[in-house]
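Everything below concerns the one structure shown next.
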Amino acid sequence: TIKKILDKGHKNLGGSLVEKAKEIVSRHTSNVRLNISPHDYDENIEDIGDYDVLAYLETKNILLNIETKIIDPPHSAKDSGRVQRKIFGETREDGTFKNGYLQRVEERAGYLQQNGKELMSKLSWITPLVEPKIVSVFVTKISFWWTKYPPVETSVNFVETRMLDDFIKKL
């Protein structure tokens, strides 16, 4: 019973973080959509998940790919490792790699790199003549040393909610 209550609270926090990210991004553009699944617009691809917040900054020709996650503070070093593996992925004992949240964000960014203009058109957004720059952002409520200094090389930007507005202004 307690786990169900805690899970519900965690899910509500996650939804609130998505809404907060949308609110912040909406200060910069009206081209903002939540929970866009590319598979719904392009049946030729496998399900790669959804964009928590997808936005187009018309004046900068930037397509924002925003993933939001509530990262619970770890309670021990072992727990910290578990949380990091969940985000950054892990190499299994058999040598295979299990993707984390980061790889899913990168996969969706790759889709936008190849099909961003077509998706924008299907969303009835203005389609630019030049391919938009794709900027991927992993928004968290609080940061940790491993979100400030990711243990893997990535183009995804880790940004705390309170810093998102400034981050967008600087793009």
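One table, with the values for the structure above:
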| item | result |
| --- | --- |
| Debye intensity ratio in log₁₀ form over the Cα atoms of segment 84-130, taken at each q of 0.17, 0.21 Å⁻¹ | -0.61, -0.72 |
| Under 13 Å from the residue 58 label point (7 Å along Cα→beta-carbon), backbone N, segment 108-152 | 124-129 |
| Between segment 53-117 and segment 1-45, the alpha-carbon center distance in angstrom | 14 Å |
| Sparsely packed trypsin sites (Lys or Arg not before Pro) within segment 65-103, loop by DSSP, other Cβ within 10 Å at most 16 | 92 |
| Diffusion constant of segment 63-144 at 37 °C, which comes from Stokes-Einstein with the Kirkwood Cα-pair radius and 0.692 mPa s, µm²/s | 221 µm²/s |
| Helical segments meeting 24 Å axial Cα length and Kyte-Doolittle -1.0 threshold in the chain (DSSP H) | 2-25 |
| Orientation-averaged projected area, Cα convex hull of segment 32-97 (nm²) | 7.3 nm² |
| Listed residue (5, 55, 167) projecting farthest to the positive dipole end of the chain, Cβ model | 5 |
| Spin-label zone in segment 117-141 - amide nitrogen under 19 Å from a point set 7 Å from the Cα of residue 160 along the C-beta vector | 137-141 |
| Within the chain, helix-based [θ] at 222 nm, where runs of 4 or more DSSP H residues each add -39,500 (n - 2.57), nearest 500 | -13000 deg cm²/dmol |
| The chain: projected area of the alpha-carbon convex hull, averaged over directions, in nm² | 11.7 nm² |
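Rule-based calculations on the coordinates, nothing more; no lab input. Keep in mind that this is a model prediction, so the values were computed, not measured. All Cβ positions, glycine included, derive from the backbone under ideal geometry; neighbour counts span all protein chains shown.
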